[in-house]
Every structure is written in structure tokens, then in C-alpha cells.
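**Student:** Attaching a single structure in C-alpha cells format; questions to follow.
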Amino acid sequence: MKIIVCLKQVPDTETQIKIAPGGEKIVTDDIKWVMNPYDEFGVEEALRLKEKFGGDVTVIGMGPKRVTESIRTALAMGADKGILISDAALEGSDSLGTAKALAAVIKGLQFDIIFTGQRGIDEDQGLTGACIADLLGIPQVSLAVKLEVAADGKSVKVNRPVEGQTLVVEAQLPVLITTQKGLNEPRYASLPGIMKAKKKPLEEKALKDLGLDPAEVGLGGRKLKIIKITPPPARAEGKIVQGETPQDKATELARLLHEEAKLI
Amino acid sequence: MAERKIFAGGEFLIGDVGHGDVFTPEDFTEEHKMILETAKDFISKEINPVIDRLEEKNHELVLDLLKKAGELGLLGTDVPEEYGGMGLDKVSTTVVGEAMGTAGSFSVVYGAHTGIGTLPIVYFGNEEQKKKYLPKLAGGDWCAAYCLTESGAGSDALNARTKAVLSPDGKYYILNGEKMFITNAGWASSFVVYAKVDGQHFTGFIVEKTFPGVSTGAEEKKMGAHGSSTRPVIFEDAKVPVENLMYEVGKGHKIAFNILNIGRWKLGAMTMGGCKGCVTGAVKYAKGRVQFKVPISSFGMIKQKIADMAIRTYMSESMMYRLAGMFDDKLGTLDEKAKKSGAETAKAIEEYAPECSISKVYGSECLDFCTDEYVQILGGYGYCSEYPAERYYRDARINRIWEGTNEINRMLVPGTMLQRALKGQLALLPAAQAVAGELMTYSPLSVQLPDTPLALQQHVIKMSKKLALMVAGVAAQKFGPGLVKEQEVMGKIADMVIEIFAMESGLLRTLKLIEKEGEEKAKYHIAAVKAYVDDTMPRIESWAKQVISHVESGDMLRTQLAGVKKLARYQPIDAINEKRLVADRIIELESYPF
């Protein structure tokens, strides 16, 4: 089974995000970059399928050189080869631009299943997976929390949550599946895995290798423009309800909820 | 990258070490970074969620975690590949040790298992012993322990009473005796045990839990590390097969002392990781705790505490990785045959025995400082076990005691260096004489410093080396071989040497960073070094004066004190401001900033 995992590098969830002057970007100087957690589920699922059906796992990432670190992590977890798409002309691409670049690389590869995280935790758009599937003309199943490939390796059954219920979807391979928390528990990059990853192939591709029109991608090709980024409002200080008796306190609480918070 | 110059153990005190000669965390390879991430992931996903259960001395849980750590390769960094380990460099071991520093009691299990429990077999086991035991230990299938201490043999380790006698059929050594304070005793499957063959020849043995006559006593009730097991191990006519004798009869001290060197450096790495945990815990609390309507992190004295914790940790971190790099460089010079020989490897590490002692003392005292301030910043909450500061505080205390008390290690720093000087291996005496000569004509007023970052600090560290050499020289001349009996003098010389190594490690790392990334990117590192040197220089001067005042009298005392004054001349800087700069950065990042 040929499996492809697309991964994005995003700021670590512990990072203190600062907005750059101008309000359209974040300050990237102090950021610790990690593999998008939703993509980790994809890597893990790909490795499990490989263990069951054989085949190989290719991870593809896009961005500056530092993205190599996340690709290496996937290789250390057990993926077989990596591809980094890195080109200054691709910087600033929106989800569609990113999908075009990824799809251009994937077109040159054999694949049965493509995994992407259901969204990147940085911009939270959740579009890239669907765009890639569309560009490749294959079905997409989103938000997978359980996945079962038929014994003959020709179709897949995917569970996805819908409003407290579970929807079971079946699709023929090749298919693109976006992964959601709950699908699996991603493995660690073990120390032996890390040392092996050093020797695994990691190919780098530039825009010229993709056969894309530079106008379609990068900042110039954006269909979506970020107008402004604002931080969430600071949390107001808590309030301790005063009162002599529990009854007094409850009355006061009810009054505050009604008059100040306007919740009841 | 240019080759790092290899220095002899203790040579930093007399030589000019360049910033190109030290390994720093900024030199981590991609693999080092990934190993650090894996180790940290292991702590946050496997240890932190169960830390309360771990504190209850949960036998199954500990062994389960050890197995998981083994599967990830975290236990095998020092074990060669052919015996089921990873055979990685010492920087990798330091990286794992650092991460384990925040693992609470599991760090104690890990430290004893991978260090003193496993390494004697790595370095001094024979082929069969390595094949039999190392895969189980590196894989975490077996837990290991180390039995050196006895009730009457603590710091005086060779005074052991445990005895080994060859059985009449020549197949077993029969061990009798009792070891004390044995970490992991309650759940270990293998013990490295020292006993005197025929009551005379100090010798190492590998003893399995299931050998007849081996048992453990009651658990000690300890101040901290409650999740670790500490018991006596008792040998009553214990039958140990002759093939389990380690190395050679009567050569146990060689194993014991070499392993302690390594244990000291590993301990240093773990304490440094713990310090980082304190900084992060303290700053997160200080930012959230509001008093007088503002977060307490906005108060100057709290800022100063946070900065002091991080700055000392920076020195500790710089020191531990510098030493790891020194090991790797030295081990890199061994030929293929020597690399395979554990005894040769241990010998190469023994070269840096003074630095190992320095790391142990500095690391453990830095951690005690950090845990103390961590509790203080949390105030009343710091005293309650609901917050981790209280556990950190209790857990840290043992580190100044084991692997050789900090007093023993303070004796060893100048002791080992003087011994090597007398054997002609370390040119301490000529260096001390040179300083005495220089002092006649040296005038601190004529010193012109270049206008480069940290030039003043570089100069001051150079001068403090001369000061330490001068003081050691004067003391050695006065007391001769009797100097070792002047423990207070030895201790103060050790303090000077330890602080010099700390300051220099931070300085060289920062200079290397400036060269690589420029001054702007290194501005907090620069502030840390400036502030630390400013704190430390007066302490060094004070130790020097105390020693000289004890050693000399009359005119000689006045002359020597004038010499001290010349060498220690230093105009203080605005360290309060430097610390504010560092503190604001920590508060912004909410974590250790370097």
C-alpha cells in the first residue's frame, strides 16, 4: 500500500503568540515549531496501515528549511521517505496555493491513501485536504476518528463524528482522509528511529520542479487575504460572591448572572 | 567546523580556552534535538499524568514506565549497540538526563538504573556478562541497582565489611554482609555489589535478586523521592557464581571510582533539567498570581529571583554540555580497539574527574537554590503539596549527599588537581609561580580592554584563574602534603575553581553564540553572564582573602592581600538592570529563556 502523509509545521501550542506590527502576521522569532498535531494522527495511521498491508509511507511538507525537522520526526516515527517543497516564491500561499503545490508533487507519485490533518492548529482553516482531493479528482473523507481498510485493500470505511452521532462512510481507494483527534495515539520517535531517520531519503523540490505558474501560488496567488489578526480579549478577573448565608449568596449570584452577565 | 582543542582534566584553570573549544547546546545536531523532544514527550505523556501515583511507591507502575523508557531507547544511550543499546555520544546521554530531571521520583529510578546500575557492566563487565545483562537493562526488562554503601562505609567507601569467600567447590563466591541506602532495591533484578574477597580484596560482583541468600530489608522513610525505593540489601551466605565476578579480584575500587565520575556528571545533567522545571513553574505562577492588583511577576524582587534562577541554570547548562563535549572529544581520540574496551573508555572519562566533581557540586547546589526560590515565589502555596514546588524542594536535597557528598567532592577538586600536578601531569605549580612573578609588576590600572562584548568579563575570569592559582600556590607552599588536612582551605579553593568553571562555561557559550548569531540575538545571554560575573567576583575575592589570612601572617599577609586586591580588581556594573532584562524575557516567554 502506498501511503502519503501531508504535514504542516506549526507553532508549538505552548508558544506565546505575539502579533507583528501591522496586525497581519505573527512574530516568528521566538517560536518553537512542531509538526501539526492533527498531522501526527495521519503519520501514525499511515504507519499502522503499512504494518498491516506492507508498502511504504512518504511524508510531504512545505515551507522553509526548518520544516525538514518535522519531516525528520515523521521519518523517525517510521515513515520511509520525505519530500520538502521549499521555495521563496511559495511563501505566503493560502490553503489553495498550498494544496496546488502538494498536489503537483503527489501527481508524480503512486498512492492509495493520502492523509492530512483535519486542519492546521495555526490558521484553523481546514481547507487544504479538501483542495488536494479536488485537484487530484479523488474522494475526500474528513474528520476520521476510526478507519478500516478492507482486506482486499480496495476500499476503506471511515467513522466520523456528527453532532454526537457517528457517520460511517465508505470510499474506494485512492482516497484522501483528513484525521481528527481520537483516531489513534501517535507513537514517539524512538531513539533507534531517530538514528535510522538520519539515513532515510529526504528530497527537496522547488517551484520549478512542480510545473506550476508562479502566479497561482505564494502571496500573489492568494484568494484569501488576512486583513487583521487580533488577540483574544483578556480574561476578566474572577469575582467572589459575597453574602452572610448560602441563600444570600445564591440570590446575589442569580442577580449577577441576570443583570451583569445577562446569562439568565 | 573547526576542531575543538582537547584539554586535559583541570587544565581549564591554567590554559586559555577559546569559545571554539567548547560544545554548547546551540551546537546540537538534528538528532540531539529530536532525542530531547522524545524524552520530554515521554515525561509529559507518561510521567506527569501519573506523578501522584508514582509518589506512592508503586512497584508495577515504576517497572512499567521503565519498560516503556527502554522501548524508546532512553535507557540505552551509553550501552553499545551489540548489547541492545544505542551507543550514542555523551551529549545524547546529557540530553536524556536533562529531560529526566523533571521526572520526579522516576528520575531517581532512571539515574540509578542507567548510571551506577548499568554502567559498571558496560565498562568493566566481560563479554559474557555484557551479553547476559545489558540487553535486559537497556531494554528496561530488568531494573538495576548499585550496592556500595554500608552502615560503616559511606564516604569511606572502601571500608566495606561485606565479605566474599570462594566456595570449596570453586563454583561460587559466598557473600555475607549488608549494604545500605540502596536505590531501586525494592524492584531491582540485578545488583552491582562490592565485597572484599577473603575480607581483604575489594571486588565487584553482579548479583541477581533470585540468587539464594539475597534479600532486602525495610523501606527507608525519606524526606523526598518518595516514589523511589531505598532499602538495605542483605547477603546471608549468598551464592554468587564465580562467572559473576567483575573485572579482577581486588580491582573493585577502580570500578567504583570510575563509575562515580560518570555518575557525578549524569547527576549534574539531571539537576540542570530540574532547575529549568523550577524556572518555568515559578514564572507561570508569578504571572498568574495577583496581589495589590498586579501580577507578582511585576515586582522587582520577584523578577530578581526569577532571573537569578535562570542565570545560574544557564551556567549549569553551559557547564554540563561543555563537559559532555569534552568526553566526546576525548573518546573520539581513542582507536577502534580502545573504543571497544570499556576500561579504556572509563579511563578517558576519568581524565575529567575534577570537572565531574565540579558539575556535581554546582548542579546540585544550583538546583537547591532554584527549588528554594521556587517555593518562596509561590509563598504559602509553595509550602503546600498541592503545588509541585514542595516536592521539588524535598526531592532536590539528596543530590548534595549522594554520588559523594558535596564536601567530599570539594576535597576532590583541588585534591585531584594537586595530585596530578605532583605527578607532572598538570602544570599547576609553574602556573602558580608565573602568577607570583607577574604580580610584582602587574598593575590593573594599565589594563586596556577591547571594545567587544563581554571583554570585561573575559578579563575578570582570566584574573580569577590567576587568583585561584596564587591562593592554591601559597597554601600548597605553606602546608605541603598537609594541605589536604586543611579542609576549610581545600573547600574554599574548590569553591573558587568551581565558580571559575561555571563563569567560563557561560562566557564561552555566549561568545560562541555571538559569533554565530550576532550580538542582538545573544543579548539576554550577554546580560546573564554580566550579572553572574558581577555576583561571583566578590565571592571569589572573599574566599581568596580568607585563605590567605589563614595561611599567612605579618608582612607576608599584607603583601599577599595586596596581590589579591590587584588580581581581583573589578568595577561593578549595574547588575540589577541586567537581571531585569533577563527576567522580563522569561516573563514574556513564560519559560527558561536560553
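**Student:** With a probe of 1.4 Å, find how much accessible area chain A has per residue, and write the answer as a whole number in Å².
**Tutor:** Numbers: 14330 Å² over 264 residues.
Normalised by residue count, the accessible surface of chain A is 54 Å².
**Student:** Summing both sides, how much accessible area is buried between A and B? Use a 1.4 Å probe and give Å² to the nearest 100. Please report the intermediate quantities before stating the final value.
**Tutor:** Numbers: alone 15290 and 24810 Å², together 38240 Å².
Approximately 1900 Å², summed over both chains.
**Student:** Also: When only Cα pairs under 8 Å and 6 or more residues apart are kept, what is the percent relative contact order across segment A:2-221?
**Tutor:** Details: 467 pairs, mean separation 58.6, N = 220.
Relative contact order for segment A:2-221 comes out at 27 percent.
**Student:** Counting only residues 5 or more places away or on other chains, whose amide H sits under 5 Å from the amide H of A:Val34 once H atoms are built in the peptide plane?
**Tutor:** Placed amide hydrogens put A:Val10, A:Asp12 under 5 Å from A:Val34.
**Student:** Relative to the longest principal axis of chain A, what angle (0 to 90°, nearest 10) does the C-alpha long axis of helix A:67-77 take?
**Tutor:** For A:67-77 against chain A, the angle is about 80 degrees.
**Student:** Between the helical axis of A:37-53 and the dominant principal axis of chain A, each derived from Cα atoms, what acute angle in degrees is found, rounded to the nearest 10?
**Tutor:** Taking the Cα atoms of chain A, the angle to A:37-53 is about 40 degrees.
**Student:** A further question on this structure: Between A:Ile83 and residues 5 or more places away or on another chain, which pairs have amide H atoms under 5 Å apart, with H built 1.01 Å from N, and which residues are they?
**Tutor:** A:Val59, A:Ile60, A:Gly61, A:Glu203
**Student:** Averaged across the residues of B:34-43, what count of C-beta atoms belonging to other chains lies within 10 Å of each residue's C-beta? All intermediate terms of the calculation are to be shown ahead of the outcome.
**Tutor:** Details: counts 12, 6, 0, 8, 9, 2, 0, 3, 2, 0.
Mean partner-chain Cβ count within 10 Å for B:34-43: 4.
**Student:** List, in order, the whole-Hz ³J(HN,Hα) value for each residue of segment B:73-78 obtained from phi through the Karplus relation with A = 6.51, B = -1.76, C = 1.60 and θ = phi - 60°; use x for Gly and Pro.
**Tutor:** Values, residue by residue: x, 6, 9, x, 4, 9 Hz.
**Student:** Using the alpha-carbon atoms, what tilt in degrees (0 to 90, nearest 10) does helix B:30-42 show relative to the longest principal axis of chain B?
**Tutor:** Value to nearest ten degrees: 60.
**Student:** In terms of modelled amide H atoms, which long-range or inter-chain residues lie less than 5 Å from the amide H of B:Glu519?
**Tutor:** So B:Glu519 has HN proximity to no qualifying residue.
**Student:** Could you derive backbone 3J(HN,Hα) for segment A:140-154 from the dihedral phi with the Karplus parameters 6.51, -1.76 and 1.60 (θ = phi - 60°), listing whole Hz in sequence and x where the residue is Gly or Pro?
**Tutor:** Taking θ as phi minus 60°, the curve returns 10, 10, 9, 6, 5, 10, 8, 8, 9, 8, 4, 4, 7, x, 9 Hz for segment A:140-154.
**Student:** At R0 = 30 Å, how high is the FRET efficiency between A:Ala215 and A:Glu24 if r is their beta carbon distance? Nearest 0.05 is fine. Mind dumping the intermediate values first?
**Tutor:** Values: r = 21 Å, r/R0 = 0.70.
In this case the efficiency is close to 0.90.
**Student:** Taking θ as phi - 60°, what are the ³J(HN,Hα) couplings along segment B:574-586 by the Karplus curve (6.51, -1.76, 1.60), each to the nearest whole Hz, with x for Gly and Pro?
**Tutor:** Whole-Hz 3J(HN,Hα) from phi for segment B:574-586: 7, 6, 4, 5, 4, 5, 4, 4, 5, 4, 4, 5, 4.
**Student:** Any idea how far apart A:Arg255 and B:Arg569 come out in nm if each label point goes 7 Å out from Cα toward Cβ?
**Tutor:** Each label point lies 7 Å from its Cα, and together they span 7.4 nm.
**Student:** Springs between alpha-carbon atoms under 10 Å, Gaussian network over chain A: tell me which of A:Gly129, A:Gly61, A:Gly22 tops the mean-square fluctuations.
**Tutor:** A:Gly22
**Student:** With the cut-off at 22 Å, tell me which of the pairs B:Lys90/B:Lys512; A:Lys100/A:Lys208; B:Lys545/B:Lys579; B:Lys171/B:Lys196; B:Lys131/B:Lys337 have Cα atoms farther apart than that.
**Tutor:** Numbers: B:Lys90/B:Lys512 20 Å; A:Lys100/A:Lys208 13 Å; B:Lys545/B:Lys579 28 Å; B:Lys171/B:Lys196 17 Å; B:Lys131/B:Lys337 18 Å.
Cα-Cα > 22 Å for B:Lys545/B:Lys579; rest within.
**Student:** Once you have the Kirkwood Rh of segment B:146-246 from its Cα pairs, apply Stokes-Einstein at 4 °C and 1.567 mPa s and quote D in µm²/s.
**Tutor:** Values: Rh = 13.5 Å.
Answer from the Stokes-Einstein relation: 96 µm²/s.
**Student:** Here is a further query. For chain A, what is the calculated [θ] at 222 nm in deg cm²/dmol (nearest 500), taking -39500 (n - 2.57) for each run of four or more DSSP H residues and dividing by its residue count?
**Tutor:** Working: 6 runs with 71 residues, N = 264.
Mean residue ellipticity at 222 nm (helix-derived): -8500 deg cm²/dmol.
**Student:** A follow-up question, please. A drop of at least 50 square angstrom in accessible area, chain alone versus all protein chains together, probe 1.4 Å. Which residues of segment B:80-97 meet that?
**Tutor:** B:Met86
**Student:** Pop out the carbon and sulfur fraction of the accessible area of segment A:170-264 as a percent, whole number, probe 1.4 Å. Mind dumping the intermediate values first?
**Tutor:** Numbers: 4020 of 6990 Å².
Answer for segment A:170-264: carbon and sulfur cover 58 percent of the accessible area.
**Student:** Using a 1.4 Å probe on the protein heavy atoms, what percent of the accessible area of chain B belongs to carbon and sulfur?
**Tutor:** Values: 12450 of 23910 Å².
C and S atoms contribute 52 percent here.
**Student:** Between A:Asp124, A:Asp87, A:Asp112, which gets the highest mean-square fluctuation from a Gaussian network model of chain A, Cα cutoff 10 Å?
**Tutor:** A:Asp124
**Student:** Average partner chain C-beta neighbours within 10 Å, per residue of A:193-201? Please report the intermediate quantities before stating the final value.
**Tutor:** Working: counts 4, 13, 9, 0, 3, 4, 0, 0, 0.
Rounded to a whole number, the mean comes out at 4.
**Student:** Nearest 500 deg cm²/dmol is fine: what mean residue ellipticity at 222 nm does chain B get from its DSSP H runs of n ≥ 4 alone, each adding -39,500 (n - 2.57), divided by its residue count? Walk me through the numbers on the way to the answer.
**Tutor:** Details: 21 runs with 336 residues, N = 594.
After summing the helix terms and dividing by residue count, I get -19000 deg cm²/dmol.
**Student:** Can you pull the three principal axis extents for the Cα set of segment B:426-589, in Å, largest first?
**Tutor:** Each principal axis gives a Cα extent; for segment B:426-589 these are 53, 33, 30 Å.
**Student:** Could you check which residue among A:Gln180, A:Gln242, A:Gln125 shows the biggest mean-square fluctuation in a GNM of chain A with a 10 Å Cα cutoff?
**Tutor:** A:Gln242
**Student:** Then there's this: How much FRET efficiency would the formula 1/(1 + (r/R0)^6) give for B:Asp156 and A:Arg66, where r is the Cβ-Cβ distance and R0 is 60 Å, rounded to 0.05? Let's see the in-between values first.
**Tutor:** Numbers: r = 54 Å, r/R0 = 0.90.
My answer for the efficiency is 0.65.
**Student:** Another question, then. Can you compute the FRET efficiency between B:Tyr442 and B:His550 using 1/(1 + (r/R0)^6), with r the Cβ-Cβ distance and R0 = 22 Å? Round to the nearest 0.05. Could you put the intermediate results ahead of the total?
**Tutor:** Numbers: r = 24 Å, r/R0 = 1.09.
So, using R0 = 22 Å, E works out to roughly 0.40.
**Student:** Here is a follow-up. Taking each residue of A:184-190 in turn, how many C-beta atoms of other protein chains fall within 10 Å of its C-beta, and what is the average? Write out the running numbers ahead of the final one.
**Tutor:** Values: counts 0, 1, 1, 1, 12, 7, 8.
Partner Cβ neighbours, averaged per residue: 4.
**Student:** Tell me the per residue accessible area of chain B using a 1.4 Å probe; a whole number in Å² is fine. Mind showing how you got there, number by number?
**Tutor:** Values: 23910 Å² over 594 residues.
Per-residue value: 40 Å².
**Student:** Going Cα to Cα from B:Lys57, which lysines come in below 20 Å? Please leave out same-chain ones fewer than 8 positions away.
**Tutor:** B:Lys45, B:Lys67, B:Lys68, B:Lys209, B:Lys221, B:Lys222
The values are calculated or read from the model by the stated rules, or taken from the named source; none is laboratory data. No experiment lies behind these values; they were computed from the predicted model shown. So basically every Cβ, Gly included, is an ideal-geometry build from the backbone, and we count neighbours across all protein chains shown. In case anyone asks, the SASA skips ligands and DNA or RNA and just uses the protein heavy atoms, side chains included. Shrake-Rupley method; radii C 1.70, N 1.55, O 1.52, S 1.80 Å.
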